[in-house]
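Novice: Pasting in a structure now, in structure tokens, and then I'll have a few things to ask.
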Amino acid sequence: MSGEGLALIFIVLAIVGGILWYLYSTKASTDREARRYGHEVIDRLALKHDRALLDQDLAPQAKMENPPSQRDYLIQRLAQFGVPAQPIPIDDNVTFDSYFFKPHGFFTAHLNYPAQPVTLQVAISQGDTKWLIENITFTPGVAPR
């Protein structure tokens, strides 16, 4: 093999290596962002009772499934319970539809209120410009972990 052929192979391997490094580092960064966002959503709902979050970050389908009256009801229920014991145990799971693309996060918060335990589940996905809340489930009476 000539020196030119060897140089070409080295260049191709370097390009492929760079692309793989980029894909893996982007996936790791996206995973961290998803976990941060999922925990932030739970914090803003369970601790701050932030109604504006639902208006701003619900995915279009979730907005149709959760009209404003239902969003108000969720925040009212969370406010009635008060503030849960800290720190909030959160089970989180971030997956990708394909190995590197289309991330989704599933977060289950075990809220321990003085009156009763509550489970808050949040599903998120990455939209075109920001993270979106796909689904929220609020279940009173589920024992905390």
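Novice: Loop only per DSSP, at most 15 neighbouring Cβ atoms within 10 Å: give me the chymotrypsin sites (Phe, Trp or Tyr not before Pro) in the range 90-130, ordered by residue number.
Specialist: Tyr99, Phe100, Phe101
Novice: Let me ask you something else. Using the crude model of +1 on Lys and Arg Cβ and -1 on Asp and Glu Cβ, and no other charge, please compute the dipole size for the chain relative to its Cα centre, in debye to 20.
Specialist: With Lys and Arg at +1 and Asp and Glu at -1, about 320 debye.
Novice: Give me the percent of the accessible area of the range 8-49 that comes from carbon and sulfur atoms, probe 1.4 Å, all protein chains in place.
Specialist: 73
Novice: Sum -39500 (n - 2.57) across every DSSP H segment of at least 4 residues in the chain, then divide by the residue count to get the 222 nm mean residue ellipticity, nearest 500.
Specialist: Here the helix-only value at 222 nm equals -16500 deg cm²/dmol.
Novice: Using a Cα distance threshold of under 19 Å, what count of lysine pairs results for the chain when pairs must be 8 or more residues apart or interchain?
Specialist: 4
Novice: Can you tell me the length gained on complete extension of the stretch Gln56 to Asn135, counting 0.36 nm per residue apart and subtracting the Cα distance?
Specialist: The span from Gln56 to Asn135 would gain 27.1 nm if fully extended.
Novice: Oh, and also: Evaluated at 4 °C with a viscosity of 1.567 mPa s, what Stokes-Einstein diffusion coefficient in µm²/s does the range 51-121 have when Rh comes from the Kirkwood expression over alpha-carbon pairs?
Specialist: My calculation gives 92 µm²/s for D.
Novice: What distance in nm separates the simple spin-label points at Ser25 and Leu13, each placed 7 Å from Cα in the Cβ direction?
Specialist: Taking the simple label geometry, Ser25 and Leu13 are separated by 2.1 nm.
Novice: Residue separation times 0.36 nm, minus the C-alpha to C-alpha distance between Phe100 and Gln86: what's the value?
Specialist: 1.7 nm
Novice: OK, next. If each Cα of the range 2-91 is one equal point scatterer, what is log10 of I(q)/I(0) from the Debye formula at q = 0.12, 0.13, 0.22 Å⁻¹?
Specialist: Results for the range 2-91 at q = 0.12, 0.13, 0.22 Å⁻¹ read -0.57, -0.62, -1.09.
Novice: Tell me the net charge near Asp72. Cut-off is 12 Å between Cβ atoms, Asp72 excluded, with +1 for each Lys or Arg and -1 for each Asp or Glu.
Specialist: +2
Novice: Continuing with this model, one more query. Report relative contact order for the chain in percent, whole number only (criteria: Cα-Cα under 8 Å, sequence separation at least 6).
Specialist: Averaging sequence separation for qualifying contacts and normalising by length gives 21 percent for the chain.
The values are calculated or read from the model by the stated rules, or taken from the named source; none is laboratory data. As the structure is a prediction and not an experimental result, all values here were calculated from the model. When we count neighbours, we look across all protein chains shown, and the Cβ atoms used for this are built from the backbone with ideal geometry, even at glycine. Just so you know, the surface numbers come from the protein's heavy atoms only, side chains and all, with ligands and any DNA or RNA stripped out. Shrake-Rupley method; radii C 1.70, N 1.55, O 1.52, S 1.80 Å.
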